[in-house]
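Okay, so here's the structure we're looking at.
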Amino acid sequence: MNTNAKDALKAYREKLRNGEIEKPVRKNPVQKAQENPQSKALAIAGKCYDCTFDSEAEGTWKAQVRDCTCTDCPLWNVRPK
């Protein structure tokens with residue numbers, strides 16, 4: 001990381017600590033799909049997340065969706081990988 005990027009990151013973290021800015025909220029794929037109902041890709045990702053994601057299991061939601069074994073699902077061929 002170059003010096004400018006390090007300085008910018010340091011300033012960002014300091015502003016977070018001081019409460020000058022709020023940390024962005026991370027949204028799950030279902031929330032993203034609800035915010036943009038016209039997006040087919042987000043709708044598919046949201047459904048796959050809803051169907052396969054297990055917070056207790058190992059790996060990210062994308063890894064869990066990629067490893068999905070439900071080949072008879074109509075979305076299996078177009079699932080996020």
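The values are calculated or read from the model by the stated rules, or taken from the named source; none is laboratory data. Being a predicted model, the structure only gives us computed values, none of them experimental. All Cβ positions, glycine included, derive from the backbone under ideal geometry; neighbour counts span all protein chains shown. With ligands, DNA and RNA removed, areas are computed over all heavy atoms of the protein, side chains included. Shrake-Rupley method; radii C 1.70, N 1.55, O 1.52, S 1.80 Å.
Points worth noting:
- Helix-only [θ]222 nm of the chain, DSSP H runs n ≥ 4, -39500 (n - 2.57) each, per residue, nearest 500: -15500 deg cm²/dmol
- Nearest-20 debye value, the chain charge dipole, Cβ charges on Lys, Arg, Asp, Glu: 360
- For the chain, a Gaussian network of Cα nodes joined below 10 Å ranks Asn18, Asn36, Asn28 by mean-square fluctuation, and the top entry is Asn18.
- Exposure rank, largest accessible area first [Tyr12, Tyr49; 1.4 Å]: Tyr12, Tyr49
- Using only the C-alpha atoms, the convex hull of the chain corresponds to 158 Å³ per residue.
- On Cα atoms only, tilt of 40-52 relative to the major axis of the chain in degrees: 80
- Cα-based helix-to-principal-axis angle, 3-18 vs the chain, degrees rounded to 10: 90
- Look at the dipole of region 25-66 built from charges on Cβ: of Pro37, Cys51, Val25, the Cα furthest out on the positive end belongs to Pro37.
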